[in-house]
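Enquirer: Here it is, the structure, as structure tokens.
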Amino acid sequence: MKKKLGSAADGGRACKSVEVPVMGMEQRSPDGKESSKRTRERRVTTPTISLQELRRRIYCKAKSDNAHRFWGLYGHVARMDVLWEAYREAKANGGAHGTDGQTFDKVEAMGVEGFLLKIREELLTQSYRPLKPRAMEIPKSDGGTRTLKIPAIRDRVVQGAVKLILEPIFEADFRESVMGYRPGRNPEEALERVSKAVMKYGLKTIVDVDLKSYFDGIRHHRLLGQLARRVSDGKVLWLIKRILKGQGKAGVSQGSPLSPLLSNVYLMSVDEVFEKAEETTRWNGSPRIIYTRYADDIVIAVGYHPRWPGLAGHVVRRLKEELGKMEVALNSEKTKVVNLKDGGSFAFMGFDCRRILTRKGKYCLWKTPRMRKRTLVLQAIRDIIRKARRWTVRELIQKLNPVIAGWVNYYRIGNASTVFKYIRNHVELRVRRFAMRRRQRHGFGWKKWSKRVVYGEWGLFSDYKIRTSYYKPSESEFWPIGA
């Protein structure tokens, strides 16, 4: 049986009219009887279209029919090409081993094909049981710790396969205000949206939202209810429930391939409410509320409205109400309402943001790296240099460059020129001092080595340029295989 799809709704990727096979694992024959077991297995093991084309068709169907509930997805999760792609993504992301101690080297020594065939057999017979994830404490920037639960490689592959099939469904439903963990989206767009709210629409009140233990507090039954709005395949829901229960009684594991998608799905109802609020509170064609969310980091920009003088208060009360329905709590100590007009500032995506008056007499949102983030990168640099007693200068630089480049590439979208100058000088001084100590000399070697030697011959990272505009990928780049 085949079904024809129309074009996508406004705001999504345009989809041409295509013939889409109805995605069912257990289709019926024309006389109404079920197909034989051999026929059903052949349909599962012999994909008629590539994974990329499958994901595109699922996305187009979801975008063109926002009430459609997908069935027959479980067979696609168990496809070998899907499992192979999930394995490749898991390996590319790296990470430590799970509780079984199995590493990617061990898997490849045994044979990846056999490893994936065993997973596939467990999925098809529904005998799959996820292993208990390995807990690891990592320090947070505020001095606390965050618990990462690291799944075994086999469980990462299964979660990755589920994500590959479900992601295009919910990607079609996610609102434009949601930026985190989405293909083709990045933190720059989230910052750009907030800047636009302040600079273009003049929204001077900011509701800076902090959610209390968001990932750890996600209720499984409510999450499954959100998923069931679009997925009617009982086997897929059974598999997700089994994955969730393997991680604990509540919450989703930070560090697992599926958790970013599930965390976005969980707050979809909240996103919908505030997107509608943005439309209903327009005044003179200008939005008075602009809601932006990146994972669990939420900022709501609010402006004056003649019908609702205390609009920011209404926003906070409605936010608490909607989050309460999902059993998500606000962190009352960190959630605050900021008036930019009075010189207030707020934190978003690792930046301190405040409104300033430029030399041209125009207001802009000034975004600088938070002091806490600067301290962390300097501490990381010091830790590397302390371990480098027996390294050569070039070996030290090979370790330093990825840390510096990653930090700079993230913060170069803000107003970080002064901070970058400090970081660059600090790193150069530390490297020069290290090189002199290797020669049992004091000082920094200003006469011995020019900057051309340090940044050219030695190869120390030197690209500290600020980027004022962000790159937005074309629509054709939204759905690569590894997205």
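Enquirer: Going through the stretch 175-200 one residue at a time, which ones are open to solvent by 60 Å² or more (accessible area, probe 1.4 Å) and in contact (Cβ under 8 Å) with a residue 12 or more places away in the chain? It would help to see each step written out before you state the result.
Expert: If we filter the stretch 175-200 for residues that are open to solvent by 60 Å² or more (accessible area, probe 1.4 Å), which is where we start, we get 175-176, 181, 192, 196, 199-200.
Once the filter is applied, which keeps residues that are open to solvent by 60 Å² or more (accessible area, probe 1.4 Å) and in contact (Cβ under 8 Å) with a residue 12 or more places away in the chain, the stretch 175-200 yields Arg175, Glu176, Tyr181, Glu192, Lys196, Met199.
Enquirer: Against the definition (open to solvent by less than 40 Å² (accessible area, probe 1.4 Å), assigned to a helix (DSSP H, G or I), closer than 17 Å to Phe351 by Cα and of a type outside the set (Ser, Thr, Tyr)), how does Ile423 come out, yes or no? Explain how you work it out, then say what you get.
Expert: Numbers: open to solvent by less than 40 Å² (accessible area, probe 1.4 Å): yes; assigned to a helix (DSSP H, G or I): yes; closer than 17 Å to Phe351 by Cα: yes; of a type outside the set (Ser, Thr, Tyr): yes.
Yes; evaluated as a whole, the condition is true for this residue.
Enquirer: Here's something else I'd like to know. Could you tell me whether Phe104 is over 23 Å from Gly217 (Cα atoms) and touching a Gly at 6+ places or on another chain (Cβ under 9 Å)? Before the answer, list the steps.
Expert: On the way: over 23 Å from Gly217 (Cα atoms): yes; touching a Gly at 6+ places or on another chain (Cβ under 9 Å): yes.
Criteria met by Phe104.
Enquirer: Do we find a residue being among the acidic types (Asp, Glu) and at positive phi anywhere in the stretch 312-331? Lay out the reasoning, then the answer.
Expert: We begin by selecting, within the stretch 312-331, every residue among the acidic types (Asp, Glu); these are 321-322, 327.
Filter again for at positive phi, leaving 327.
Scanning the stretch 312-331, I find at least one residue that is among the acidic types (Asp, Glu) and at positive phi, so the answer is yes.
Enquirer: Only residues in the stretch 272-296 that are more than 18 Å from Leu211 (Cα to Cα) count as the first member; pair them with residues that are in a strand (DSSP E or B) and of a type in the set (Gly, Ala, Ser), Cβ under 8 angstrom, at least 6 apart or cross-chain, and list the lot.
Expert: Sorted first by the residue in the stretch 272-296, then by its partner, the pairs are Ile289/Ala301; Ile290/Ala301.
Enquirer: Checking Asn264 against (1) under 18 Å from the mean Cα position of the chain (by Cα); (2) under 25 Å from Lys320 (Cβ atoms); (3) outside any helix (DSSP H, G or I), which test does it fail?
Expert: Asn264 satisfies every listed condition except (3).
Enquirer: Could you say which residue among Phe174, Phe215 is under 21 Å from the mean Cα position of the chain (by Cα) and either farther than 30 Å from Arg412 by Cα or part of a loop (DSSP other than H, G, I, E, B) (or both)? Don't jump to the end; show me each part of the working.
Expert: Numbers: Phe215 fails: either farther than 30 Å from Arg412 by Cα or part of a loop (DSSP other than H, G, I, E, B) (or both).
That would be Phe174, the only listed residue that is under 21 Å from the mean Cα position of the chain (by Cα) and either farther than 30 Å from Arg412 by Cα or part of a loop (DSSP other than H, G, I, E, B) (or both).
Enquirer: Just a yes or no: is a residue in the stretch 250-263 closer than 22 Å to His76 by Cβ and touching a Pro at 6+ places or on another chain (Cβ under 6 Å)?
Expert: yes
Enquirer: For the stretch 114-123, check the following and say yes or no: at least one residue is of a type in the set (A, V, I, L, M) and more than 20 Å from Ser256 (Cα to Cα). Quick ask: steps written out before the conclusion?
Expert: Just the residues of the stretch 114-123 that are of a type in the set (A, V, I, L, M), to begin with: 116-117, 119, 123.
Going one step further and asking which of them are more than 20 Å from Ser256 (Cα to Cα), we end up with 117.
Yes, because at least one residue in the stretch 114-123 is of a type in the set (A, V, I, L, M) and more than 20 Å from Ser256 (Cα to Cα).
Enquirer: Continuing with the same structure: Would you check which residues across the stretch 366-394 are under 30 Å from Ala197 (Cβ atoms), free of Cβ contacts under 8 Å to residues at least 40 places away in the same chain and among the aromatic types (Phe, Trp, Tyr) and list them?
Expert: Passing the criteria: none in range.
Enquirer: In the stretch 275-287, how many are surrounded by 16 or more Cβ atoms within 10 Å (Cβ to Cβ) and closer than 23 Å to Arg354 by Cβ?
Expert: Of the residues in the stretch 275-287, 1 are surrounded by 16 or more Cβ atoms within 10 Å (Cβ to Cβ) and closer than 23 Å to Arg354 by Cβ.
Enquirer: What are the pairs, 6+ residues apart or on separate chains, where a residue within the stretch 403-421 that is among the hydrophobic types (A, V, I, L, M, F, W, C) has its Cβ under 6 Å from a residue that is open to solvent by 20 Å² or more (accessible area, probe 1.4 Å) and in a helix (DSSP H, G or I)?
Expert: Close Cβ pairs satisfying both conditions: Val403/Ala380; Ile413/Glu188.
Enquirer: Let me ask something else. Could you count how many residues in the stretch 229-249 are open to solvent by less than 30 Å² (accessible area, probe 1.4 Å) and small (Gly, Ala, Ser)? Walk me through it before giving the result.
Expert: To start, the set of residues in the stretch 229-249 that are open to solvent by less than 30 Å² (accessible area, probe 1.4 Å) comprises 230-231, 233, 236, 239-240, 243-244, 246-248.
Pick out the ones that are also small (Gly, Ala, Ser) and you get 246, 248.
Adding up the residues that qualify gives 2.
Enquirer: Go through the stretch 55-78 and report how many residues are within 13 Å of Lys163 (Cα to Cα) and over 22 Å from the mean Cα position of the chain (by Cα).
Expert: Residues that pass the stated criteria total 4.
Enquirer: Shifting gears a bit: Does Thr145 meet the test of being surrounded by fewer than 18 Cβ atoms within 10 Å (Cβ to Cβ), among the β-branched types (Val, Ile, Thr) and without any contact (Cβ under 8 Å) to a residue 12 or more places away in the chain? Reasoning before the result, please.
Expert: Numbers: surrounded by fewer than 18 Cβ atoms within 10 Å (Cβ to Cβ): yes; among the β-branched types (Val, Ile, Thr): yes; without any contact (Cβ under 8 Å) to a residue 12 or more places away in the chain: yes.
For Thr145, the condition - surrounded by fewer than 18 Cβ atoms within 10 Å (Cβ to Cβ), among the β-branched types (Val, Ile, Thr) and without any contact (Cβ under 8 Å) to a residue 12 or more places away in the chain - is met.
Enquirer: Of the conditions (1) open to solvent by less than 10 Å² (accessible area, probe 1.4 Å); (2) not in a loop (DSSP other than H, G, I, E, B), Val252 satisfies every one except a single condition; which number is it?
Expert: It is condition (2) that Val252 fails.
The values are calculated or read from the model by the stated rules, or taken from the named source; none is laboratory data. In this text, all values refer to a predicted model and were calculated from it rather than measured experimentally. Backbone-built Cβ (ideal geometry, glycine too); neighbour counts: all protein chains shown. To get the accessible areas, we keep the full protein, side chains included, count just its heavy atoms, and leave off ligands, DNA and RNA. Shrake-Rupley method; radii C 1.70, N 1.55, O 1.52, S 1.80 Å.
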